[in-house]
1. Looking at A:Ser73 and the list (1) more than 14 Å from every other protein chain (Cβ to nearest Cβ); (2) under 30 Å from A:Gln285 (Cβ atoms); (3) open to solvent by 10 Å² or more (accessible area, probe 1.4 Å); (4) among the polar types (S, T, N, Q), which single condition is not satisfied?
2. Please go through the stretch A:238-272 and pick out each residue that is in contact with a helix residue (DSSP H, G or I) (Cβ under 9 Å, 6 or more places away or on another chain) and among the β-branched types (Val, Ile, Thr).
3. Among (1) open to solvent by 40 Å² or more (accessible area, probe 1.4 Å); (2) under 16 Å from A:Phe190 (Cα atoms); (3) polar (S, T, N, Q), there is one condition A:Ser270 misses while meeting the rest; what is its number?
4. Residue check: is B:Lys85 of a type in the set (D, E, K, R), surrounded by fewer than 16 Cβ atoms within 10 Å (Cβ to Cβ), within 14 Å of chain A (Cβ to nearest Cβ) and out of contact with any Pro (no Cβ under 6 Å at 6 or more places or on another chain)?
5. For the stretch A:80-123, name all the residues that are under 17 Å from A:Gln285 (Cα atoms) and of a type in the set (Asp, Glu).
6. Mind telling me which of the residues A:Asp117, A:Asp142 ends up being farther than 16 Å from B:Thr12 by Cα, touching a Gly at 6+ places or on another chain (Cβ under 9 Å) and of a type in the set (Asp, Glu)?
7. Cβ-Cβ under 6 Å, sequence separation 6+ or interchain: first residue in the stretch A:85-104 and within 13 Å of A:Val157 (Cα to Cα), partner open to solvent by 30 Å² or more (accessible area, probe 1.4 Å) and part of a helix (DSSP H, G or I). Which pairs?
8. Quick one: is A:Pro220 surrounded by fewer than 16 Cβ atoms within 10 Å (Cβ to Cβ), more than 10 Å from every other protein chain (Cβ to nearest Cβ) and under 22 Å from A:Thr192 (Cα atoms)?
Amino acid sequence: MCKYHRCHIVPPYILEELAKRGSHGCKRTLNDSHRILQKRSTALNQILIEDFFVENGDRLIYDCKNQFQQRISLVLQEGGSKIEDEVANAAYATSGFVREYYRDTFGLNSVNGEGMDLVSNVHFGLDYNNAYWDGDEMTYGDGDNKDFKDFASAIDVVAHELTHGVTQFLANLEYYGQSGALNEHFSDVFGTIIKQQYLNQTIADADWLIGDLVVTEHFPGVAIRSMSAPGTANDYDRQPDHMKNYYTGTADNQGVHINSGIPNKAFYLSCQEIGIEDCALIWFQTLKSLWRTANFKDMLVILKREGQKLVEEKRVGMGAVAGIEKSFRAVGIEVQVV
Amino acid sequence: MKYQVNVEGGFTGLLREYSGEIGLGSSGVKDLLEAMESVSGERNQKLRDGLLYRITLKEGDDVYRADFYGPHLPKPIRDFIDRIKE
């Protein structure tokens with residue numbers, strides 16, 4: 001058994017091995033240690049400048065007024081009425097939908113489970129073709145209106161970014177190599193699940209595209225990524241859909257947005273095998289059990305373990321584990337039973 | 001001045017490359033090189049989907065290289081990239 005206070009003197013590699021063997025205490029210690037170090041360095045300042053407060057998962061929308069600076073003007077907050085700015089209204093509505101999905105489906109209170117406020121920055125920069133999560137809040141550009149447009153209004157983009165927050169607090173997957181590709185994968189998985197719920201679609205109706213609403217008609221493609229057919233969403237899309245085409249270069253933090261195509265395809269196939277609701281539950285339970293340096297094979301091991309638990313609890317169908325194994329085998333990921 | 005700018009990552013994950021030669025004038029070169037030196041070396045470890053700008057400048061025999069994460073891109077470099085994108 002791993003007691004939290006004893007884990008402080010245990011080297012990280014031992015914590016990782018114990019986490020892989022199912023020690024939730026060690027996993028939590030490992031994941032928390034980086035956050036604690038950063039918090040310590042700023043704790044004194046925060047004590048000096050802030051009164052103690054409890055957060056309620058409130059939405060706060062800031063207008064960056066097309067400057068490269070966050071939190072310039074608070075324009076909408078929880079319970080507020082719609083304003084003239086449709087982008088701010090959309091960011092408020094979509095972040096609320098994502099918050100409610102996590103609360104209603106998994107009982108998760110905001111991204112950190114403790115009611116962290118959801119801060120969105122809209123109209124960031126000028127012609128800014130991006131959206132990102134910075135560890136505390138979301139930031140969205142308006143796009144250049146040549147290739148991209150309005151990142152804050154697209155439900156899958158907002159769900160993708162907020163899920164980076166969820167991942168940070170549950171598994172804290174390192175943003176590099178395979179663990180980074182898994183980090184991106186979970187954001188695409190819950191981005192697409194939430195998009196389908198938002199649009200009230202079945203898996204047969206869905207387009208399985210990520211970012212289709214943020215590309216313009218001039219963009220050479222239909223979306224940023226495709227879950228069902230990685231590598232086909234646009235002329236620049238080089239996502240592989242099988243381990244034999246795994247990207248080994250150094251760009252993009254060793255391909256975090258590239259190699260995520262492989263588990264993305266496995267997720268799509270799993271949904272065809274066992275349904276998206278069972279997949280959502282198994283993937284969420286897996287995210288709770290993964291650790292900072294987990295790779296693709298580690299993920300499959302944990303998917304099978306968590307899937308089997310849920311089968312035994314009769315929360316997912318009997319064929320869940322076999323369906324997931326088959327789907328991962330199809331993209332070249334297998335784990336041997338010793 | 002010769003330049004090579006690679007923009008990686010971001011939500012879109014699309015790699016953008018810009019290379020060529022540009023005349024900036026002595027004060028423009030000075031501002032740009034000072035901005036290149038302003039890189040702190042620190043990065044936000046929690047940044048997800050942030051853009052990474054990898055910049056190489058060659059002025060005469062001198063080569064200057066620096067990497068910047070999107071939110072921390074100095075204004076002279078942002079202005080320079082806007083100019084070479086046009």
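1. (2) is the only condition that A:Ser73 fails.
2. Here is the first cut: in the stretch A:238-272, the residues in contact with a helix residue (DSSP H, G or I) (Cβ under 9 Å, 6 or more places away or on another chain) are A:238-243, A:245-249, A:252-272.
Listed by number, the residues that qualify are A:Thr248, A:Val256, A:Ile258, A:Ile262.
3. Checking A:Ser270 against (1) open to solvent by 40 Å² or more (accessible area, probe 1.4 Å); (2) under 16 Å from A:Phe190 (Cα atoms); (3) polar (S, T, N, Q), the one that fails is (1).
4. In short, yes.
5. A:Asp104, the sole residue that qualifies.
6. On the way: A:Asp142 fails: farther than 16 Å from B:Thr12 by Cα.
Going through A:Asp117, A:Asp142 in turn, just one is farther than 16 Å from B:Thr12 by Cα, touching a Gly at 6+ places or on another chain (Cβ under 9 Å) and of a type in the set (Asp, Glu): A:Asp117.
7. The qualifying pairs are A:Ala90/A:Ser153; A:Phe97/A:Tyr198.
8. Here the answer is yes, as A:Pro220 does meet what is asked.
The values are calculated or read from the model by the stated rules, or taken from the named source; none is laboratory data. As the structure is a prediction and not an experimental result, all values here were calculated from the model. Note that we place each Cβ from the backbone using ideal geometry, even for glycine, and neighbour counts take in every protein chain shown. Quick note on the areas: whole protein, heavy atoms, side chains included, nothing else; ligands and nucleic acids left out. Shrake-Rupley method; radii C 1.70, N 1.55, O 1.52, S 1.80 Å.
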